[in-house]
Amino acid sequence: MTGATEPLPSSTDTLAHRALALLSQYRLLTSHHLHQMLMPHTPARKIHNVLAPLRAESLIAHTVLGGGHGLHTYFLTPAGAQTVSDWPELRGRTPATIQSAHEASLRAAHTLTGVRAHLTFLADARARGDEYEPLDWMPEVTHRLPDTAGEDRLIADALFHYTANHPRRLQYRGFVEIDRTTMSSERLARKLISYARFHDYTPPAGRRGTTTDQNAMLTWQRFYPRFPRLLFILTGAPRNTLTNRIEDLRRMTADHKLVARLASQVPLGAAVLEDLEAHGPRADVWTPLAGTNEPRGWTQL
């Protein structure tokens, strides 16, 4: 032994590692989004020092959205997806690749709207000293529904995990549905029924059984200690249109027996994305879908 202190490997991921992980999870991110997630307190141009070597190694590719605005949007190549396929922070998430710039442009509107919503929670958590990291928002989380009457899967646009540290430590989970007014208001409101079905379902006892044990575990309890709250985030239309769509969600909650039961046990709320960006998600911008429609913060639903 020489007595000299042997250097230890760093336990901190490089920015390049984190950028690849984010692109795997979100599929598509602009340079602005990556800058905000990875290094918000540095000049925006610094993010290109992270991305340029990844492009040179053919781990990521990019396309330019927005015509003359030149919005650079990045995604993993097949080589990049192979690189991250066994990373522990992405376990259980299949790396997704986008095959072309054209495909990226077709996916961009919905994907990047979800990222905008995520960034409002991330900025608020950083300002409050809460625990919420860029990978704590997981897009497109899928659960099987109890039957196949019309649809056999519940696909949440996102699921997030958030830990508030003040005034006391509380852990939150939330399903998120992003509405860009590209579907009818009735179809949007029907999503509440899918969540209510998932909330109530208990697997049959035995392989061919038709009855259930009252003490049997509900399906969702295999995944969550408490059923995540359900948040609808709306954008893409004039304010009165979005207000009407929120009222349609409230009407579905009041009129449908299964959804009403969900609302008696799970916080449900809706907000306009631009309000989250202007005031933050803890502001009184969320309309509860049950009871009084007095606006409140998302943790107060």
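The values are calculated or read from the model by the stated rules, or taken from the named source; none is laboratory data. Just so we're clear, the structure is a prediction, and the values are computed from it rather than from any experiment. Reconstructed Cβ throughout: ideal geometry from the backbone, glycine too, with neighbour counts over all protein chains shown. Side chains are part of the model used for accessible areas, which takes the heavy atoms of the whole protein and leaves out ligands, DNA and RNA. Shrake-Rupley method; radii C 1.70, N 1.55, O 1.52, S 1.80 Å.
Using the Kirkwood radius over Cα pairs, work out the Stokes-Einstein diffusion coefficient for segment 12-161 at 37 °C and 0.692 mPa s, in µm²/s as a whole number.
It diffuses with D of about 202 µm²/s by this estimate.
For the chain, report the accessible area per residue in Å² (1.4 Å probe, heavy atoms, rounded to an integer).
53 Å²
Taking the alpha-carbon set of segment 165-301, what are its Rg and Dmax in Å?
For segment 165-301, the Cα-based Rg and Dmax read 16.5, 53 Å.
To the nearest 0.05, what FRET efficiency results for residue 79 and residue 163 with a Förster distance of 41 Å applied to their C-beta separation? If you can, show how the numbers build up before the last one.
Working: r = 35 Å, r/R0 = 0.85.
My answer for the efficiency is 0.75.
In the chain, with Lys and Arg counted as +1 and Asp and Glu as -1 at Cβ, which of these residues, 72, 29, 225, has the Cα nearest the positive end of the dipole, that is, farthest along it?
Sorting the options by dipole projection puts first 225.
Using the Cα centre as the reference, give the magnitude of the dipole from point charges on the C-beta atoms of segment 149-205 (Lys, Arg: +1; Asp, Glu: -1; all else neutral), rounded to the nearest 20 debye.
Result for segment 149-205 is approximately 280 debye, rounded to the nearest 20.
Return the loop-located GluC sites (Glu not before Pro) in segment 32-130 (DSSP other than H, G, I, E, B) with at most 14 other Cβ atoms within 10 Å of their own Cβ; answer none if there are none.
Those that pass, being in a loop and sparsely packed, are 57.
Provide the gained length on full extension for the span residue 264 to residue 87, in nm with one decimal, where the gain is 0.36 nm per separating residue minus the Cα-Cα distance.
59.8 nm
Compute the angle between helix 185-200 and the longest alpha-carbon principal axis of the chain, please, reported from 0 to 90 degrees and rounded to the nearest 10.
That works out to roughly 90 degrees.
What angle do you read, to the nearest 10 degrees and between 0 and 90, between the alpha-carbon axis of helix 47-56 and the longest principal axis of the chain?
Result, in degrees: 80.
On a full-extension model of 0.36 nm per residue, what is the gain between residue 127 and residue 202, subtracting their alpha-carbon distance, rounded to one decimal in nm?
Gain on stretching residue 127 to residue 202: 23.0 nm.
Counting only protein heavy atoms and using a 1.4 Å probe, what share of the accessible area of the chain belongs to carbon plus sulfur, as a whole percent?
Result for the chain: 49 percent of the exposed heavy-atom area is carbon or sulfur.
What full-extension length gain, to one decimal in nm, is calculated for residue 100 and residue 217 as 0.36 nm per residue of separation minus the Cα-Cα distance?
Working it through step by step, the gained length comes to 37.8 nm.
Give the angle, between 0 and 90 degrees and rounded to the nearest 10, that separates the Cα long axis of helix 101-128 from the longest principal axis of the Cα atoms of the chain.
Roughly 90 degrees between the two axes.
With unit charges on the beta carbon (Lys/Arg positive, Asp/Glu negative), name the residue among 125, 143, 182 whose Cα is farthest towards the positive pole of the charge dipole of segment 68-186.
After comparing all options, I get 125.
So for segment 166-301, taking the charge dipole from beta-carbon charges (+1 Lys/Arg, -1 Asp/Glu), which of 299, 272, 199 sits furthest toward the positive end?
Of the candidates, 199 comes out farthest on the positive side.
Which of the three applies to segment 96-184, rounded, prolate or oblate, going by the alpha-carbon gyration tensor with a ≥ b ≥ c and a/c under 1.5 meaning rounded?
It comes out oblate by the Cα gyration axes.
Given R₀ = 22 Å, FRET efficiency for residue 55-residue 32 by Cβ-Cβ distance, to 0.05?
Numbers: r = 17 Å, r/R0 = 0.76.
For R0 = 22 Å, the calculated efficiency reads 0.85.
Please compute the modelled spin-label separation between residue 257 and residue 278, points set 7 Å along Cα→Cβ, answer in nm with one decimal.
4.2 nm
For a quick check: with amide H placed at 1.01 Å from N, whose amide H comes under 5 Å from residue 141's, ignoring anything fewer than 5 positions away on the same chain?
HN-HN under 5 Å from residue 141: 156, 158, 159.
Answer rounded, prolate or oblate for segment 221-281, using the Cα gyration tensor with square roots of eigenvalues a ≥ b ≥ c: rounded when a/c is under 1.5, else prolate when a/b is larger than b/c, else oblate.
Oblate, because a/c is 1.5 or more while a/b does not exceed b/c.
Counting Lys and Arg as +1 and Asp and Glu as -1, what is the net charge of the other residues whose Cβ lies under 11 Å from the Cβ of residue 262?
Here the count lands on +3.
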